[in-house]
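Before any comments, here is the structure.
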Amino acid sequence: MNAALILAGGQGTRLGGADKAFLPLGGQPLIAHVLARLAPQVTHIAISANGDAARFAAFGLPVLADAQTGRGPLAGVAAGLAWAATLGATALLTVPVDTPFIPHDLLTRLHPAPNAAVYAGRQHHLVALWPVGFLPVLQRFLAAPGAYRVRDALALCRAGQVAFPAPADPFMNLNTPDDLAAARRLF
């Protein structure tokens, strides 16, 4: 059984505070693009987001709030790992909601956990396959004072790096209006 988590809890500050999940691309919100690429790869999908979960009701997926605030996306990863454990999954695939071009074989290529995606020598920390058994270690990491960097958590679980050669970055993050314009041109 495979589980995936769409990380949709960012503030969208460089996009004027926009809820990135609902930014339009090709007539559909970004989350719809990520779902279309993830759904054939996994058995279960959840969304990591804080605030009003009802905004995601149309997608019919569980919405997981962060158990710990102020821990950034790793709090979402921890909530996702706990959810995946209840399903009996052994690994959790995480993908940011603003990466609409993820590969159709992402899970297969990142398997077995732990691994993170790399494009052109750059690791995309949140495009990763996490072992569910890493949850207690991650919880201790998040309970201690620190910077809570995703790359540090990946190092802690000894994640490998998997290269994804492609003509364009399949993990392009849409963080700015220019990024969104570039994605619209690619689309």
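Would it be correct to say that Arg55 is among the charged types (D, E, K, R), farther than 18 Å from Phe141 by Cα and in contact (Cβ under 8 Å) with a residue 12 or more places away in the chain?
Spelling it out, Arg55 is indeed among the charged types (D, E, K, R), farther than 18 Å from Phe141 by Cα and in contact (Cβ under 8 Å) with a residue 12 or more places away in the chain.
Just the residues that are closer than 16 Å to Met172 by Cβ and β-branched (Val, Ile, Thr), please, taken from region 88-137.
Val95, Val97, Thr99, Ile102, Val118, Val127
Tell me yes or no: at least one residue of region 92-104 is more than 29 Å from Arg184 (Cβ to Cβ), within 16 Å of the chain's Cα centre (by Cα) and not polar (S, T, N, Q).
Taking every residue of region 92-104 in turn, at least one turns out to be more than 29 Å from Arg184 (Cβ to Cβ), within 16 Å of the chain's Cα centre (by Cα) and not polar (S, T, N, Q).
So which of Gly88, Gly72 ends up being more than 15 Å from the chain's Cα centre (by Cα) and on the phi > 0 side of the Ramachandran plot?
That would be Gly88, the only listed residue that is more than 15 Å from the chain's Cα centre (by Cα) and on the phi > 0 side of the Ramachandran plot.
Given the structure, is Arg71 modelled with pLDDT under 95 and either farther than 14 Å from Leu5 by Cβ or out of contact with any Asp or Glu (no Cβ under 8 Å at 6 or more places or on another chain) (or both)?
Here the answer is yes, as Arg71 does meet what is asked.
Does region 40-49 contain at least one residue that is surrounded by 23 or more Cβ atoms within 10 Å (Cβ to Cβ), at negative phi, of a type in the set (A, V, I, L, M) and in contact with a Pro (Cβ under 8 Å, 6 or more places away or on another chain)?
yes
Identify all residues within region 45-60 that are part of a loop (DSSP other than H, G, I, E, B) and farther than 19 Å from Val127 by Cβ; write none if there are none.
If the condition is that a residue be part of a loop (DSSP other than H, G, I, E, B) and farther than 19 Å from Val127 by Cβ, then Asn50, Gly51, Asp52, Gly60 are the ones that fit.
Report the residue count in region 129-187 for those that are among the aromatic types (Phe, Trp, Tyr) and touching a Ser or Thr at 6+ places or on another chain (Cβ under 6 Å).
Summing the residues that are among the aromatic types (Phe, Trp, Tyr) and touching a Ser or Thr at 6+ places or on another chain (Cβ under 6 Å) in region 129-187 gives 1.
Just one of (1) modelled with pLDDT under 95; (2) touching a His at 6+ places or on another chain (Cβ under 6 Å) trips up Phe171, so point out which.
(1)
The values are calculated or read from the model by the stated rules, or taken from the named source; none is laboratory data. Because the structure is predicted, anything quoted here is derived from the model rather than measured. Using ideal geometry, Cβ is built from the backbone for each residue, glycine included, and neighbour counts are taken over all protein chains shown.
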